[in-house]
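First comes the structure, then the notes that go with it.
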Amino acid sequence: GAVVSQHPSWVICKSGTSVKIECRSLDFQATTMFWYRQFPKQSLMLMATSNEGSKATYEQGVEKDKFLINHASLTLSTLTVTSAHPEDSSFYICSAAAGNTEAFFGQGTRLTVV
Amino acid sequence: GENVEQHPSTLSVQEGDSAVIKCTYSDSASNYFPWYKQELGKRPQLIIDIRSNVGEKKDQRIAVTLNKTAKHFSLHITETQPEDSAVYFCAASMSGSARQLTFGSGTQLTVLP
C-alpha cells in the first residue's frame, strides 16, 4: 500500500513553455501533498504544501505565480512550472499523506529546460 | 525555520567497516528524524527513523541515535557492503512524521570492495 506515482518521470521542454507534473496517490486519499525540488548533487528543498481543496502554502523564496499547484482531488495534485527557464531544470518530487499520517514519496520528475 | 546540518559530505569506507553520518538541527520543536537513502535519479527511500521520545533505534545493520539536549542525531551502518553506496540524507520534522521535512545536505557514501 501507500503508492505515490508521478508523471512524467522525465520531461524536456523549450525555454518559455509551461510544464505540468502530476502526483497521484494510487491506493489512499491524500489530503495533503508536498512538493520538493532537488538540484543536482544538492538536497531536497520543500517548495510548497497543498491541502485538498485549498490554496497551496509556499515556502519562502518560492514564486507562487511561477510554480502553480493544484490539489483539486484527494488523489491528484499537479505542479505547473510556467514560463520555464534553464535554471528551473531540476528533480521535482512530491510526497502525499492521508490526514496526519505518514507521507510517501513519488518517484520524481526530471525536468530539463533547453 | 528549522535548519539541518549534515556531515561529512563524502565518506569512503572499506567493505565491512562501519560508517557514521552526523546531523544537527536547530529547532527544539522538531520531533521526527528520518534517514533516507537515495540512488541517482530515484526517490528517497526511508531506511530508519526515530522520534523524539526515543534515544536509540536499531534495525539489523543500521542504527540511529538521538541526543535531544544537544540537538543532534547520527546514523550508524555496520558491516558495510558495496550496495550501501548511495547518498544518505537526514531530515527533521515538527509534525511527528514525514511531513514537511527539512533535509540535511546529504552524504555520498562509497563502500570500497
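Filter the range A:1-23 for residues that are free of Cβ contacts under 8 Å to residues at least 60 places away in the same chain and in a strand (DSSP E or B) and give the result.
The one that is free of Cβ contacts under 8 Å to residues at least 60 places away in the same chain and in a strand (DSSP E or B): A:Glu22.
Results for (1) more than 8 Å from chain A (Cβ to nearest Cβ); (2) of a type in the set (A, V, I, L, M); (3) touching a Gly at 6+ places or on another chain (Cβ under 9 Å), shown as yes or no for each residue.
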position	(1), (2), (3)
B:Thr65	yes, no, yes
B:Asp84	yes, no, no
B:Leu101	no, yes, no
B:Thr110	yes, no, no
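Before we move on, is A:Met45 among the aliphatic types (A, V, I, L, M), free of Cβ contacts under 8 Å to residues at least 24 places away in the same chain and in contact with an Asp or Glu (Cβ under 9 Å, 6 or more places away or on another chain)?
So A:Met45 fits the description; yes.
Among B:Ala91, B:Ala70, B:Ala29, which is the only one that is on the phi < 0 side of the Ramachandran plot and out of contact with any Ser or Thr (no Cβ under 9 Å at 6 or more places or on another chain)?
Within the list B:Ala91, B:Ala70, B:Ala29, the selection yields B:Ala29.
If you go through the range A:68-77 one residue at a time, do you hit one that is touching a residue at least 40 places away in the same chain (Cβ under 8 Å) and small (Gly, Ala, Ser)?
There is at least one residue in the range A:68-77 that is touching a residue at least 40 places away in the same chain (Cβ under 8 Å) and small (Gly, Ala, Ser).
Which condition breaks for A:Ser54 when tested against (1) in a strand (DSSP E or B); (2) out of contact with any Ser or Thr (no Cβ under 9 Å at 6 or more places or on another chain); (3) polar (S, T, N, Q)?
(1)
If A:Phe34 passes every condition in (1) open to solvent by less than 10 Å² (accessible area, probe 1.4 Å); (2) of a type in the set (A, V, I, L, M, F, W, C); (3) part of a loop (DSSP other than H, G, I, E, B) but one, which one does it miss?
(3)
Residues of the range B:59-90 being in contact with a helix residue (DSSP H, G or I) (Cβ under 7 Å, 6 or more places away or on another chain) and open to solvent by 50 Å² or more (accessible area, probe 1.4 Å), which ones?
None - no residue of the range B:59-90 is in contact with a helix residue (DSSP H, G or I) (Cβ under 7 Å, 6 or more places away or on another chain) and open to solvent by 50 Å² or more (accessible area, probe 1.4 Å), so the list stays empty.
Scanning the range B:20-58 for residues that are away from chain A (no Cβ under 14 Å) and of a type in the set (Lys, Arg), which turns out surrounded by the most Cβ atoms within 10 Å (Cβ to Cβ)?
The extreme case among them is B:Lys22.
Can you name every residue in the range A:32-51 that is within 11 Å of chain B (Cβ to nearest Cβ), among the polar types (S, T, N, Q) and farther than 23 Å from B:Lys37 by Cβ?
Matches in the range A:32-51: A:Thr32, A:Thr49.
For A:His85, are the conditions met, namely being at pLDDT below 95 and under 25 Å from A:Cys13 (Cβ atoms)?
No; evaluated as a whole, the condition is false for this residue.
Being away from chain B (no Cβ under 12 Å) and crowded, with 16+ Cβ neighbours inside 10 Å is the filter here; which residues of the range A:91-114 pass it?
Within the range A:91-114, A:Leu111, A:Val113 qualify.
Within the range B:22-55, work out how many residues are touching a residue at least 60 places away in the same chain (Cβ under 8 Å) and over 30 Å from A:Ser9 (Cα atoms).
Total meeting the criteria: 6.
Just need a number here: residues in the range B:16-39 that are in contact with a strand residue (DSSP E or B) (Cβ under 7 Å, 6 or more places away or on another chain), within 16 Å of B:Lys68 (Cβ to Cβ) and among the small types (Gly, Ala, Ser).
1
Residue by residue through the range A:76-90, note down the ones that are in a loop (DSSP other than H, G, I, E, B) and buried (at least 16 other Cβ atoms within 10 Å of the Cβ).
If the condition is that a residue be in a loop (DSSP other than H, G, I, E, B) and buried (at least 16 other Cβ atoms within 10 Å of the Cβ), then A:Ala84, A:Ser89 are the ones that fit.
Can you name the strands (runs of 3 or more DSSP E) wholly within the range B:2-72 that have at least 1 residues being under 20 Å from A:Pro40 (Cα atoms)?
B:4-7, B:10-14, B:32-38, B:45-51
The values are calculated or read from the model by the stated rules, or taken from the named source; none is laboratory data. Predicted, not measured: the structure shown is a model, and the values here were computed from it. Neighbour counts are summed over all protein chains in view; Cβ atoms, including those assigned to glycine, are modelled from backbone coordinates with ideal geometry. Calculation scope for accessible area: heavy atoms of the full protein, side chains included, ligands and nucleic acids excluded. Shrake-Rupley method; radii C 1.70, N 1.55, O 1.52, S 1.80 Å.
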